[in-house]
Every structure is written in structure tokens, then in C-alpha cells.
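One structure is given here, and the rest of the page talks about it.
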Amino acid sequence: MLTLYIGNKNYSSWSMRPWVLMRQTGIAFEEQMLRFDGFGPDSSFKQRALALSPAGRVPILIDGGLRLWDSLAISEYLAEKFPEKHLWPQQLLNRARARCLVAEMHSSFTSLRSLCPMNIEARLPEVGAKLWVEHPPLRADVQLLQDLWTPLLAAANGPMLFDQFSIADAFFAPVCMRLNTYALPLSPAVQAYVQRVSNLPAVQEWVQAARAERDFRPFEEPYRSQP
């Protein structure tokens, strides 16, 4: 049995990616949570994570003696271990495009990620409106998202970016959570895609668990002092 170590579901966007990927495609795994209590060297989270991987962060996938601690590496490993799941698009050009999108997500969108941290149980449209006005790089990040998604959605023969659910959709699921929380402006086509991702069974399961945590972490909350 694969074991996936994750952080708090309300906050841990990187944990969400492989979890949703595995749950949505029916890959069996055992879930273990490393609760966020801080990220300093003396925190329980950091000590437990360092005992599992040299990076000391989540997610961490364990398969026998193999330990992977990067969400993209985890996804690539799963795609090779379970080829029948078709985690990448089957068509060559779409597979290349999907990998390009995932790499962009992995290394870009710094303003969106820093200004709008994932916080599923919160609703912060007023914060989002203020950030939108005050931060041009945030607007640029959202425009890039729309520029990347719009032609793919127009060409798709299914509800997701490349017809059927793939690693690309799993990687953008936490982005959809941010767009929902902060109510950032989107085109109708992109908003509809965000809603379809939000309605995926695995995403709904994650969201319900995040809301049920009731584990307010002040160091993850730049805009609230209480729930």
C-alpha cells in the first residue's frame, strides 16, 4: 500500500495535488497527516517531516523503500507505476502541452501563491478585490492562467483541460481553490472550468475534510485573526 503524508487540508496546496490525483483516479493509498504547528526547526511538523525525507516538507509518498517528496516527482512516478490510469493525456501533443502547464505551475504564479494562500474554509472576496487593485503582478498571474487555459478549454472534447481528468487538472486544483476563496475576476469559460474542477468528487472530498478540520493556524492566516 502506498502511503501519502500530507499537511492540513485547509492550507496545504502542494499536498492537495497528489492526493486529488490519486483519489480521483482510484489509486489506493493510506493517508497520514503531519499537522502544521509551525515550520521552524523545532516544530513538531518539521521534525516529523525530516524523519521521513531530507527536504522536511509535504507531500511525501512512500512506496516500500522509496520516498518521494516533490509533487511533480510523485505524479510522474504514479504515471509510470499505473500506466493503465492514463494520468497524462494519451495523445502525444497534449501530453507535451500538459507537462508544459504543470511545469509552469510548479515554478511560476508567485504573486498568486504568496498573496492568496490556499484557505479553503475562508471566504475573502473583499481581500481579493483589494489585492486585485493594489497588485499588478497578481493580475498578471491570473491573466497568464486565462491565457493558458482558454485555448485548451475551447479545443477540449471533455470537461477538463485535456478532455478527461489528468495530472494537469490535479495541479491546478489548489489554484481553483484560491480563485474561489478570493473571488478573483475570471472569464465565463475559465470560471466554468474552475467550477467543474471544484465539483470533482476527489476535490469535494478534500474540501469537506478541510472545512471539518476546524484547526485555525494563525501563521497561515495573513488576513484573519480568527475563523
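Points to keep in mind about this one:
- Among Gln164, Gln208, Gln91: highest mean-square fluctuation, GNM of the chain, C-alpha pairs under 10 Å: Gln91
- Couplings 3J(HN,Hα) of segment 79-96, computed from phi: 4, 7, 6, 10, x, 5, 7, 6, 5, 9, x, 6, 7, 4, 5, 5, 4, 5 Hz, in residue order, whole Hz [Karplus 6.51 cos²θ - 1.76 cosθ + 1.60, θ = phi - 60°; x for Gly and Pro].
- Evaluated at q = 0.20 Å⁻¹, the base-10 log of the normalised Debye intensity for segment 105-227, with identical point scatterers placed on the Cα atoms, takes the values -1.22.
- When DSSP beta bridges are restricted to pairs lying wholly in the chain, around 60% turn out antiparallel.
- Shape descriptor for the chain: Rg over Rh equals 0.95 (Cα atoms; Rh from the Kirkwood inverse mean 1/r).
- With all protein chains kept in place, the per residue accessible area of segment 78-154 amounts to 53 square angstrom at a probe of 1.4 angstrom.
- Share of pairwise Cα separations in segment 99-163, more than 19 Å, in percent: 44
- Relative contact order of segment 76-227, pairs being alpha-carbon contacts under 8 Å that are 6 or more residues apart, as %: 28
- Computed from label points 7 Å out along Cα-Cβ, the spacing between Glu221 and Thr150 is 3.8 nm.
- Only helices enter this figure: runs of n ≥ 4 DSSP H residues, each worth -39500 (n - 2.57), summed and divided by the residues of the chain, yield -17500 deg cm²/dmol at 222 nm to the nearest 500.
- Treating each Cα of segment 1-130 as an identical point scatterer and summing with the Debye formula, the log10 of I(q)/I(0) at q = 0.20, 0.21, 0.23 Å⁻¹ comes to -1.26, -1.32, -1.42.
- Spatially, segment 102-116 and segment 1-63 are offset by 20 Å when compared through their Cα centroids.
- Largest mean-square fluctuation among Ala168, Ala189, Ala49, in a Gaussian network model of the chain whose springs join Cα atoms under 10 Å apart, belongs to Ala189.
- Modelled label reach - Arg214, point 7 Å along Cα→Cβ, segment 1-17 residues with backbone N closer than 17 Å: 9-10
- Sorted largest first by accessible area at a 1.4 angstrom probe radius, with every protein chain in place, the residues Asp169, Asp215, Asp37 fall in the order Asp37, Asp215, Asp169.
The values are calculated or read from the model by the stated rules, or taken from the named source; none is laboratory data. Just so it is clear, the model here is predicted, and its values are computed rather than measured. Quick reminder, even Gly has a Cβ in these numbers, built from the backbone with ideal geometry, and neighbours come from all protein chains shown. Side chains are part of the model used for accessible areas, which takes the heavy atoms of the whole protein and leaves out ligands, DNA and RNA. Shrake-Rupley method; radii C 1.70, N 1.55, O 1.52, S 1.80 Å.
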